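Colleague: Okay, handing you the structure first.
Quick note: the coordinates plus some simple rules give every number you see, no bench work behind them. Bear in mind the structure is a predicted one, so any value in this text is a computation, not a measurement. Cβ sites come from the backbone with ideal geometry, for glycine too, and all protein chains shown count toward neighbours.
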Amino acid sequence: MKDKMNLIGNTNEIFNQFPKGAFLTVSDGERLNTMTIGWATMGIIWNRPIMMVAVRKSRYTYDIINNSKDFTVSIPINVDLSEAIEICGTKSGRDIDKFKAANLTIGKSKKVNSPIIKECDLHFECKILYSQFMDASAFDEEVSKEVYGDMDFHKLYYGEILDRY
């Protein structure tokens, strides 16, 4: 279990960056996209190191991740990628090539098919073990109104962290 915990590592720098943005990148073999995420969680579930990411059904990434077995999360810790984060969080991969528009380089991952973003200095490679839509009836009313007024709920993807570097 101790070796598995090393895949999560020191979470302070990671959780400090998430509100500023990180990149969720997914490939289904035919399509490739990256999107900005500001929410994620990590921990131990099913005796495995897990990163959970959330993707709304309305996002272009949604169809791709549903046809994929994995994803990567690339986090800019010591580099300012705020402009790229803005582009990837406000533009759709349906309309533009986000990698070109944001000046991001695709890098080969080590253990999964989905690539990493080379400009970032921290990468997680995750194999999807479980996914499920959020249950609207189980939400706290205040949170539901604040975040899901449009009823565009997230689907949660639990990925086993296979590598971190």
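Colleague: Over all distinct alpha-carbon pairs, what is the Kirkwood Rh of the chain in angstrom?
Modeller: For the chain, the Kirkwood estimate is 16.1 Å.
Colleague: What ranking do TYR148, TYR165 get, fewest neighbouring Cβ atoms within 10 angstrom at the top?
Modeller: Fewest to most other Cβ atoms nearby, the residues stand as TYR165, TYR148.
Colleague: Continuing with the same structure: For each pair in LYS100/LYS127; LYS100/LYS145; LYS91/LYS155; LYS118/LYS145; LYS20/LYS57, compute the distance between the two Cα atoms and list the pairs where it is over 31 Å.
Modeller: Beyond 31 Å between Cα atoms: LYS100/LYS145; LYS118/LYS145.
Colleague: Hey, another quick one. Could you put LEU81, LEU156, LEU32, LEU24 in order, starting from the residue whose Cβ has the fewest other Cβ atoms within 10 Å?
Modeller: Fewest-to-most ranking of LEU81, LEU156, LEU32, LEU24: LEU156, LEU32, LEU81, LEU24.
Colleague: Determine, for SER137, SER131, SER27, the number of other Cβ atoms within 10 Å of each Cβ, and report the residues in order from fewest to most.
Modeller: On the way: SER137 6, SER131 15, SER27 22.
Ascending number of Cβ neighbours within 10 Å: SER137, SER131, SER27.
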